[in-house]
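What follows is a set of notes on a single structure, which appears directly below.
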Amino acid sequence: MTFGESIKTCFRKYAVFKGRAMRSEYWWFVLLLLLIEIGFSFVAGLLMIPLLIKGQFNAESITSIQLPLSIVMIVIELVFLLPSLAVLTRRLHDRNKSGWWIVVYYLLTALCMVPMFLLFTMADHSEQFNDKITFALTFVMSIMAILLLALAITFLVWCCQRGTIGPNKYGPDPLEKTYVDVIPDN
């Protein structure tokens, strides 16, 4: 699958969480997202150059550029959210893994925020805040962060590996069609 075919497929299957996605479909789409992020950062950097030249590089001038760029980036991320989740789910299906692993990842991310939130909110009340609580919250947050990192590495490995050969419980092998198309009829 080429870069263009991958993008078309991912947007054609905008919110399709069933079926399977081959590696090329997933990784070309990830590349598109990465290129958009890099391009956006480059444009943001270019917009900062006149401020540097004029010597007006301060918090107010940065905010005047950063706010509109942030709004545009949020809109772009919302447009790509469903197809990103859908293609990742289909990629996991190709490895014969459930798409619910994505939910586990995001739940673990949210749970990791709870001790962090408690640390920041309780730090304001220093008379009620002691070292044992700080240690416990930091320890819990560290364990969750390690689990989150392990799950992210597992996702990376799963997405890099070839899908299961032949049909699995999520559908037919997407590469079988490719092989049939390549083999000429004699």
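The values are calculated or read from the model by the stated rules, or taken from the named source; none is laboratory data. Values in this document were obtained by computation on a predicted structure and should not be read as measured data. Please note: Cβ atoms are built from the backbone with ideal geometry, for glycine as well, and neighbour counts cover all protein chains shown.
The rows are residues; the columns are (1) in a helix (DSSP H, G or I); (2) modelled with pLDDT of 90 or more; (3) surrounded by 14 or more Cβ atoms within 10 Å (Cβ to Cβ); (4) not hydroxyl-bearing (Ser, Thr, Tyr).
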| site | (1), (2), (3), (4) |
| --- | --- |
| Glu5 | yes, yes, no, yes |
| Lys8 | yes, yes, no, yes |
| Ala15 | no, yes, no, yes |
| Ala21 | no, yes, yes, yes |
| Ser24 | yes, yes, yes, no |
| Phe29 | yes, yes, yes, yes |
| Ile38 | yes, yes, no, yes |
| Ala44 | yes, no, yes, yes |
| Leu47 | yes, no, yes, yes |
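Do we find a residue being among the hydroxyl-bearing types (Ser, Thr, Tyr), more than 17 Å from the chain's Cα centre (by Cα), over 28 Å from Gly39 (Cα atoms) and not assigned by TED's automatic domain parsing to the domain that holds Ile7 anywhere in segment 147-160? Let's see the steps before the verdict.
Let us first name the residues in segment 147-160 that are among the hydroxyl-bearing types (Ser, Thr, Tyr), namely 154.
With the extra rule that they be more than 17 Å from the chain's Cα centre (by Cα), the set shrinks to none.
No, segment 147-160 contains no residue that is among the hydroxyl-bearing types (Ser, Thr, Tyr), more than 17 Å from the chain's Cα centre (by Cα), over 28 Å from Gly39 (Cα atoms) and not assigned by TED's automatic domain parsing to the domain that holds Ile7.
For every residue, the table says whether it meets (1) touching a helix residue (DSSP H, G or I) at 6+ places or on another chain (Cβ under 8 Å); (2) assigned by TED's automatic domain parsing to the domain that holds Tyr26.
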site	(1), (2)
Gln66	yes, yes
Met73	yes, yes
Val87	yes, yes
Ile102	yes, no
Phe120	no, no
Asp131	no, no
Ala136	no, no
Val140	yes, no
Asn168	yes, no
